[in-house]
1. Taking the stated definitions as given, is G667 in a strand (DSSP E or B) and over 29 Å from the mean Cα position of the chain (by Cα)?
2. Within region 299-315, how many residues turn out to be more than 26 Å from the chain's Cα centre (by Cα) and surrounded by fewer than 19 Cβ atoms within 10 Å (Cβ to Cβ)?
3. Can you list residue pairs whose Cβ atoms sit under 7 Å apart, with the first residue in region 550-564 being at pLDDT 90 or above and the second being polar (S, T, N, Q) and part of a strand (DSSP E or B)? Count only pairs 6 or more apart in sequence or on different chains.
4. Is it the case that region 486-495 has a residue that's surrounded by 15 or more Cβ atoms within 10 Å (Cβ to Cβ), within 19 Å of H542 (Cα to Cα) and in contact with a His (Cβ under 8 Å, 6 or more places away or on another chain)?
5. Would you be able to tell me the number of residues in region 310-330 that are touching a strand residue (DSSP E or B) at 6+ places or on another chain (Cβ under 6 Å) and free of Cβ contacts under 8 Å to residues at least 24 places away in the same chain?
6. List the pairs whose first member sits in region 385-396 and is more than 17 Å from I362 (Cβ to Cβ), whose second member is open to solvent by less than 20 Å² (accessible area, probe 1.4 Å) and assigned to a helix (DSSP H, G or I), and whose Cβ atoms are under 6 Å apart, counting only residues at least 6 apart or on separate chains?
7. Name every residue in region 439-485 that is of a type in the set (V, I, T), part of a loop (DSSP other than H, G, I, E, B) and either modelled with pLDDT of 85 or more or open to solvent by 70 Å² or more (accessible area, probe 1.4 Å) (or both), in order of residue number.
8. Test each condition in (1) aromatic (F, W, Y); (2) in contact (Cβ under 8 Å) with a residue 60 or more places away in the chain; (3) open to solvent by 60 Å² or more (accessible area, probe 1.4 Å) for Y161 and report the one that comes out false.
Amino acid sequence: MNFGLRVVGVLATLLLSLSGAREAWAEDGGILVSGVEVVGNRRVDANAIKAQVSGVSGRVKSETINEDIKTLYNSGFFDQVTVSAVGQSGGGTVLRYTVAEKPVVRKLFIKGNDAVSESDLSEVLKIEGKRFVDKSKLHALIRKAVSYYQGQGFYDAALEYSTVPVGDNEVDLTFTVTEGKRYRVREVNLGGVKDLDVDDMRSGMQIKTYKWWNSWLFGTGRVNQEMMDADKQILRQYLLDHGRLEGTVGEASVEKREDGLYVNFDLTEGAEYKVGKISASGDLVDSSKDKTLEKIKTEAGETFNATEVREDIFTITDKFSDEGYAFANVVPNTSLNKGDGTVDVDFSSTRGQKVRVNNITISGNEKTYDHVIRRWLTIEEQQTYSGTKVKRSQTLLQRLGYFDEVSITNKTTNDPAVVDLDVNVKEATTGSFSAGAGYSTANGALFNTKVSENNLFGTGRRANLNLDFGSQVTNQILSFDDSRINDSWVSGGLDLFRTTRQYNDFNRELAGGSFTLGYPLEKVIGELGQDINTSLKYELEHINIRDVHDSASQFVKDSAGKSVASSLTPGLTRNTINNPMNPTSGSKQVVTVEFAGLGGDQDFYLVEAKNSWYYPLWNTSIGEFTFADRTSFGYGESLNDDPFPLYRRFFPGGINSVRGYRNRTLGPQDAEGNYYGGSKQLVNNVELIFPLINSAGFKGVVFYDVGQAYDDNQSIDIGLLRQAWGYGIRWNSPLGPIRVEFGYPIDRQDGERGVQTMFSFGAPL
């Protein structure tokens, strides 16, 4: 019996049972109810059922009872719901809801699967323990599983389910799989395309043809309904972005042949439209059309591009929001001129009412103090609303690393001139303890213990203790940083360290400490200084060059012994990288100038500049492709007649420098071939980082490196840069980062290897 017939039957039963209340029902269309009771329930709590019923007392109409029955059916718990009216001896009528619960799943079985493991399929067909058997939900699971199978290449896959009663209104549920043949996509046809670039259109689609050399890596050459639906929208967007406003995309069809699948989309290109007149109407920014349209991307005479128009909407909306109009609405009205193939675009704006911010509430923070979050907000209570400031506040909070998610939403109030802001955060794990062992071709075997907390007691302060003990490296480092001392914009940091590094021909020991103060440049010069921090560091180091080998260069031998360096280092840092652990966009620039000679034995200056840039190239179904470019420049010079000191010299080569050459094997060397480092350095690394197994954190990398170090009496000569290329695999494993990279020197010289294998596991990179 379908739902509608059940409801009619229930209401008929109800009307027939209301013998004592027929007159009242006839007079006003309702019944006087004194209460509700539930019978027949076994697992669902009676109070939970009553909570879904609205007609519980007073005059209740038949329409209300009808809706209550629908609500109980829609809960998915019951096979049958009936209602009867029970008269009470003391007067009044009780509505009795009699329910028949659906059986619950005791166990889930899967059979017939071969190519897909039961563990993988169980995740797709996941049913929570003691779930009621709901046919609609089971069919939804089957559709999900079929889509999963099709995504694995089994386009004919089918599933069905069966239940076996096992007593106590429980059943065992069995999904039976018919996998069918594995197919590969051999061709994606775009019918009807005449003028547009078919290859360009295919490049943005999710469905790809099978290629033996990379489909196994990227999981391409497969198709399911979700991919076809997505590609229909992608193709439609492509048409709109290329001026084809009247273009259409039909439903995809799949043809099975002996050698595989052929996916077909039928398109109608339509005529190409160029942008005609661009205008603004309605409310205008500063009552000016020019200011309203300033900085939009759409240009007259260019091919119409729907994505650019959408970005222009945000550009104009942001202008209104920065004037306090939080709920401005911009609509791009288009008018086709078929005669000359142009489309006029009018940005019609309704700015609404100017608002100010009343209350800013913080939610979601269980550990972090409210003031630690609030101090990073660039908008304050009782200020005029600004969309730019809201976005900036969200960006600053996300960069802290304290939160997995940050959202700032507008909340309307009873006063249309006032808006509240809700800052909601989802806190991340900020503390860690690790102990383990690792190995690096640069640093050898390494045993590491690290304790760190980036949000100490919820105060926003950071503390780290790092202990490394290895065959070539020993580090003992304690650091403490406060990014906002007493909630001011002054930052401070303290570092204490003792490090020992064993090289081929000598050992270097450093011990000392440093103190750093910082201040954001934005607070000095305004918006031009955004994302730029200034810093000033004082460092005191005790240096010991010892255990010098007889085969070492004369410069190394002359540097042996103990000395003290006292230095002051001003610096500038600009950072817009989105994620410091896994960067995919943004950049970071660091410039420092170290002056040594404030007492001690060393007297020199050292200029260092580093630039890291990450740009997302493609965001695909298998993950994101990222272009990365890193440049490191150093220039040091002694301020007396001594050579530039050994402990600050540059030794390029290795996994973190110019890959393709062994660690510390580039730069100046003496007549016997012993390296002693340069006072200048230039290194550039270009990388394409791409996903391998995105869910597991596996990534691939292809790189091209150049670099060299130069002696005191040499100038930086681009022609002397050494070159290498290579590839590798990176895995952010639960035990720590793992890198395996193979570098090939392009300008290999005598004695240098043709390939350099570099490996790093659990060691500092």
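1. Numbers: in a strand (DSSP E or B): no; over 29 Å from the mean Cα position of the chain (by Cα): yes.
No, not satisfied.
2. At the first step, the residues of region 299-315 found to be more than 26 Å from the chain's Cα centre (by Cα) are 299-305.
Narrowing further to those that are surrounded by fewer than 19 Cβ atoms within 10 Å (Cβ to Cβ): 299-303, 305.
Here the count works out to 6.
3. Close Cβ pairs (under 7 Å, with a partner that is polar (S, T, N, Q) and part of a strand (DSSP E or B)) amount to K562/N544.
4. Checked region 486-495: no residue is surrounded by 15 or more Cβ atoms within 10 Å (Cβ to Cβ), within 19 Å of H542 (Cα to Cα) and in contact with a His (Cβ under 8 Å, 6 or more places away or on another chain).
5. Of the residues in region 310-330, the ones touching a strand residue (DSSP E or B) at 6+ places or on another chain (Cβ under 6 Å) are 313, 316-317, 324, 326, 329-330.
With the extra rule that they be free of Cβ contacts under 8 Å to residues at least 24 places away in the same chain, the set shrinks to 329-330.
So the count comes out to 2.
6. What qualifies is G387/S321.
7. T459
8. Of everything listed in (1) aromatic (F, W, Y); (2) in contact (Cβ under 8 Å) with a residue 60 or more places away in the chain; (3) open to solvent by 60 Å² or more (accessible area, probe 1.4 Å), Y161 misses just condition (2).
The values are calculated or read from the model by the stated rules, or taken from the named source; none is laboratory data. Because the structure is predicted, anything quoted here is derived from the model rather than measured. Ideal geometry is used to build each Cβ from the backbone, glycine not excepted, and the neighbour counts take in all protein chains shown. For the accessible areas, the whole protein counts, side chains as well, though only heavy atoms, and no ligand, DNA or RNA atoms are used. Shrake-Rupley method; radii C 1.70, N 1.55, O 1.52, S 1.80 Å.
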